[in-house]
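This report concerns only the one structure given below.
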Amino acid sequence: CKECKNVSEKQEDFLDLTVAVKNVSGLEDALWTMFVEEEVFDCDNLYHCGTCDRLVKATKSAKLRKLPPFLTVSLLRFNFDFVKR
């Protein structure tokens, strides 16, 4: 939350990552987008902060704290278009 600075965290164990590589130059760029850049919630896409109990500006990011002994990386190279089928 950008207002009260509250941080909401959820830790999950994982064995694989699905990485979208469509329209990026490579795996490094895709990982940068997923784990370094923050998603911003503002304007028409506000976040409901439980501490403030209202819609506020906020950021969201994912961080890898500990890698599993074996990691599978799936490359998502395309998206299914439900209109075109």
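The values are calculated or read from the model by the stated rules, or taken from the named source; none is laboratory data. Everything quoted here is computed from the prediction, not taken from an experiment. Glycine gets a Cβ as well: all are built from the backbone with ideal geometry, and neighbour counts include every protein chain shown. Quick note on the areas: whole protein, heavy atoms, side chains included, nothing else; ligands and nucleic acids left out. Shrake-Rupley method; radii C 1.70, N 1.55, O 1.52, S 1.80 Å.
Annotations for the structure displayed:
- In this structure the amide hydrogen of residue 20, modeled in the peptide plane, comes within under 5 Å of the amide hydrogens of 76, none closer than 5 places in sequence on its chain.
- Potential lengthening of the chain between residue 60 and residue 2 amounts to 19.8 nm, from the contour at 0.36 nm per residue minus the alpha-carbon distance.
- Share of carbon and sulfur in the accessible heavy-atom surface of the chain [1.4 Å probe, %]: 52
- Over the chain, volume per residue of the alpha carbon convex hull, in Å³: 152
- Cysteines, the chain, no other Cys beta-carbon under 4.7 Å: 4, 43
- Taking θ as phi - 60° and the Karplus parameters 6.51, -1.76 and 1.60, the scalar couplings of the stretch 5-22 work out to 6, 5, 10, 9, 10, 9, 9, 10, 7, 8, 10, 9, 10, 9, 10, 6, 10, 5 Hz in sequence order, x denoting glycine and proline.
- Couplings 3J(HN,Hα) of the stretch 47-54, computed from phi: 9, 8, 7, x, 6, 6, 6, 6 Hz, in residue order, whole Hz [Karplus 6.51 cos²θ - 1.76 cosθ + 1.60, θ = phi - 60°; x for Gly and Pro].
- Helical mean residue ellipticity (222 nm; -39500 (n - 2.57) per DSSP H run of 4+; nearest 500) of the chain: -3000 deg cm²/dmol
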